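Below is one structure, written out as structure tokens; the observations come after it.
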Amino acid sequence: MAYDTQNIFAKILRGEIPCTKVLETAHTLAFRDINPARPVHVLVIPKGPYVTWSDFATQASPAEQADFVRAIGEVTRLEGIAESGYRLIQNNGDHGHQEVPHMHVHVVGGASAGPMLRRMEG
């Protein structure tokens, strides 16, 4: 899948759409979700043009990958959920219910995240 330079996260990275920043590093931006699912709901995105986790894992530099992982850890500390617990959600493609074609991780916490998945019926 080709990267769409007009996706909402690309526009946020270019400053065309505002966001409430939680953390910004050389390779990563973390900002509050505008429709939070829990008291803490932060989106963490790489600054590079990656669509899925697989794309990021195979195309991003080691520096980008390390920065991204460290940024997620720092967000949990900044948001005060590192000790109480949190969930990382990363959706890929249609079957993964990815809504924005820019690789991103949802960091959610501050309340119980509930069960991971429900068993399929039938």
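What do you get for GluC sites (Glu not before Pro) in region 52-94 restricted to DSSP loop and a cutoff of at most 14 other Cβ within 10 Å of the site's Cβ?
83
For region 50-121, which trypsin sites (Lys or Arg not before Pro) are both in a DSSP coil and crowded by at most 15 other Cβ atoms within 10 Å?
Listed in order of number, the matching sites are 118, 119.
Taking R0 as 22 Å, what's the FRET efficiency between residue 63 and residue 35 from their Cβ-Cβ distance, rounded to 0.05?
Efficiency, rounded to the nearest 0.05: 0.10.
Dipole magnitude of the chain about its Cα centre, charges +1 at Lys/Arg Cβ and -1 at Asp/Glu Cβ only, in debye to the nearest 20?
With only Lys, Arg, Asp and Glu charged at Cβ, the dipole is about 240 debye.
Give me the distance in nm between label points sitting 7 Å out from Cα along the Cα-to-Cβ direction at residue 25 and residue 90, one decimal.
1.3 nm
Compare the peptides 22-35, 39-52 by average per-residue count of other Cβ atoms within 10 angstrom and give them in order, highest first.
Those peptides, ordered most packed to least, come out 39-52, 22-35.
Using helices alone, I'd like the mean residue ellipticity at 222 nm for the chain: each DSSP H run of four-plus residues gives -39500 (n - 2.57), total over residue count, nearest 500.
-7000 deg cm²/dmol
Computed from the coordinates by the stated procedures, all read-outs in this text should not be read as laboratory data. Predicted, not measured: the structure shown is a model, and the values here were computed from it. Please note: Cβ atoms are built from the backbone with ideal geometry, for glycine as well, and neighbour counts cover all protein chains shown.
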